[in-house]
Each structure stands twice: as structure tokens, then as C-alpha cells.
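Student: For reference, the structure I am asking about is given below.
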Amino acid sequence: NLQAYQGMLQTDLDRTMQVVLALDNMSGKWNKYDFIRMLGLRFKYGVGADLVMLCQIPHVGQARAKKLKMAKINNVDDFLKHDVNTLMGIMKCGKTLVEEAIAGARKVKAEELGLAT
């Protein structure tokens, strides 16, 4: 039953989070944008707060995020410090997938810095 409920939440998560953020902005004035955003990402990826940043990298889900965390890669900056071969070994995947993940991590970093177009 709990998994079914979680599935329903994830299905409509984006719209639900938009409504909660709009309520906060219009009337609640809780000023909890970052908290609400993080909560939404935790639901979306099904991970704790410590893995959310890694899960925003393409091809990194819960299992790969845990592997990266065990390898002392805790965020996008740590991820980008490693070369393709090292990441292939940690993530247990092919070169193309890792190259796409690196390109995606660069995009995530640019968005974080407000440089994305």
C-alpha cells in the first residue's frame, strides 16, 4: 500500500510541488523555497538529502548515487574532478554513458551557477 501511495505522489509530483511553492509565494510566506524544492527532489529520486545532488546528474539514480557516495564523491564538483575511466569503474557502466553523465553534470553545475541558457 505504501509503495502504491509513493507511486501516486511521484506521478503528480511536479504539479503538486508547483502548487505548494505557489501557495508559499502568494499567501503562506513561509520562505521555504529551498526546503520545498529539496523535498520534491527527494520524493522524485527516492533518496535522502545527501544523495539528491548526485541524482540530478543524468544516468545517476539511487544505486549509482550510493556507489559514488561510497567512493567519496558527494556532489557535482567532486564528480567532475574524476576522469572517465575512474567513473566507469565506480558507476559500473560504459564510456558513452559516463561521458553523457559528465556533460549532464556540467549542465547541472552551470544551472547551479545561473549560467545555463
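The values are calculated or read from the model by the stated rules, or taken from the named source; none is laboratory data. It should be emphasised that the depicted structure is a prediction, and the values quoted were computed from it without experimental measurement. Neighbour counts run over all protein chains shown; Cβ positions are idealised from the backbone, glycine included.
Student: Which numbered condition in (1) free of Cβ contacts under 8 Å to residues at least 40 places away in the same chain; (2) within 17 Å of the chain's Cα centre (by Cα); (3) not in a helix (DSSP H, G or I) is the only one that Pro58 fails?
Tutor: In the conditions (1) free of Cβ contacts under 8 Å to residues at least 40 places away in the same chain; (2) within 17 Å of the chain's Cα centre (by Cα); (3) not in a helix (DSSP H, G or I), Pro58 misses (1) alone.
Student: Between a residue in region 30-47 that is hydrophobic (A, V, I, L, M, F, W, C) and any residue that is outside any loop (DSSP other than H, G, I, E, B) and at pLDDT 85 or above, which pairs come within a Cβ distance under 6 Å, given they are 6 or more apart or on different chains?
Tutor: Listed by first residue and then by second, the contacts come to Leu41/Val52; Val47/Cys55; Val47/Gln62.
Student: If you take the residues in region 39-54 that are modelled with pLDDT of 85 or more and exposed (fewer than 14 other Cβ atoms within 10 Å of the Cβ), which one is nearest to Asp78 (Cα to Cα)?
Tutor: This residue is Asp50.
Student: Tally up the residues in region 61-90 that are over 9 Å from the mean Cα position of the chain (by Cα), under 30 Å from Leu9 (Cα atoms) and not in a helix (DSSP H, G or I), please.
Tutor: 3
Student: May I ask you to list pairs of residues, at least six apart or on different chains, whose Cβ atoms are under 7 Å apart, with the first in region 81-106 being on the phi < 0 side of the Ramachandran plot and the second being among the aromatic types (Phe, Trp, Tyr)?
Tutor: So the pair list comes out as Ala105/Phe79.
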